[in-house]
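The values are calculated or read from the model by the stated rules, or taken from the named source; none is laboratory data. These numbers were taken from a predicted model, which means no experiment stands behind them. Cβ coordinates were reconstructed from backbone atoms using ideal geometry, including for glycine residues, and neighbour counts include every protein chain displayed.
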Amino acid sequence: MRIRLPLGRSLFFLCAFLLALVALTPLRLALGWLALDQKGFSARKAEGSIWLGGLTESRIGDAPLGDLTARLSPIQLLVGRARIDIANREDGRGRIAGGLGVTRNSFGVDDLTAAIPVASVFAPLPIDTLDLSDVSVRFEDGQCARADGQVKAALSGDIAGISLAQGLTGNARCEGGALLLPLQGQSGMERLALKLFEDGRYELDLSIRPADPAIGQRLAASGFRQTAQGYAFQLQGRF
């Protein structure tokens, strides 16, 4: 004896089955599909499903981010974007909160608030952290298309006897296809221009215009080059 289910009920079971498959998709597979590792984002371990997972010892390039929660945003899928929302694992708030968004030809971060340790990235300069406040950046076809939000570079020591304890601040923007962070010290005599490219490369230009010639001599001894705008230190590398 055969039991025939109504077509509507069959569709219901089929949809429920497909939904269960999607709900149980491991987070590690989703990260691989989105190719976030090619953008410099990685983790030692990814656990859980795409709707509620955890990342252990996550990093962006060489900068550690710690343990995070991660989940796929269903709303963003409706507009053709895959966005992974990340936050501190302990309480979902605090030093890291925001999203990593991917489409067919773009990549970026959305509303990211974070304190990113960068001491190992920008050595020998004593830049300890980059503090991001609601920073959004979008790269399309490898070019920076949109950027906004406030950034502060916090320093862990002085430079040639010059104290920059207040840090350098500025607003993110796009320039020449790169993300530009034009930061300035409280006195206006210190400026840091940090360019970040979609492939992870960076160009850093720190310029200081001292009023005391003796400070200029110390800057020159520390590797700074004298220019018409003061003393400059340039650094290139990969984030």
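Tabulated data
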read-out	value
Residues (of a type in the set (A, V, I, L, M) and either in contact (Cβ under 8 Å) with a residue 60 or more places away in the chain or touching a Gly at 6+ places or on another chain (Cβ under 9 Å) (or both)) located in region 197-213	L204, L206, I208
Selection count, region 224-239, where residues are within 21 Å of G61 (Cβ to Cβ) and of a type in the set (K, R)	1
Residues being closer than 23 Å to D67 by Cα and buried (at least 17 other Cβ atoms within 10 Å of the Cβ) - total across region 129-151	8
Which numbered condition I3 fails, given (1) modelled with pLDDT under 85; (2) closer than 20 Å to R89 by Cα	(2)
Counted residues, region 104-114 - those being surrounded by 16 or more Cβ atoms within 10 Å (Cβ to Cβ) and without any contact (Cβ under 8 Å) to a residue 60 or more places away in the chain	7
Criterion: within 18 Å of A153 (Cβ to Cβ), in contact with an Asp or Glu (Cβ under 8 Å, 6 or more places away or on another chain) and modelled with pLDDT of 90 or more - qualifying residue of F224, F233, F239	F233
Strands (runs of 3 or more DSSP E) enclosed by region 24-74 - at least 3 residues per element that are within 18 Å of D110 (Cβ to Cβ) and modelled with pLDDT of 85 or more	52-60, 63-72
Residue count, region 63-91 (criterion: surrounded by fewer than 18 Cβ atoms within 10 Å (Cβ to Cβ), in contact with a strand residue (DSSP E or B) (Cβ under 7 Å, 6 or more places away or on another chain) and among the β-branched types (V, I, T))	0
Tabulated pairs, region 163-191, first more than 19 Å from A115 (Cβ to Cβ) and free of Cβ contacts under 8 Å to residues at least 24 places away in the same chain, second of a type in the set (K, R) and part of a strand (DSSP E or B), C-beta under 7 angstrom, 6+ apart or interchain	Q184/R191
Region 185-228: number of residues that are of a type in the set (D, E, K, R), surrounded by 14 or more Cβ atoms within 10 Å (Cβ to Cβ) and within 22 Å of R146 (Cβ to Cβ)	3
Subset of region 157-184 that is buried (at least 19 other Cβ atoms within 10 Å of the Cβ) and among the β-branched types (V, I, T) - its residue that is farthest from the chain's Cα centre (by Cα)	I159
Residue match in region 86-103 (condition: free of Cβ contacts under 8 Å to residues at least 40 places away in the same chain, within 18 Å of F239 (Cα to Cα) and more than 12 Å from the chain's Cα centre (by Cα))	no
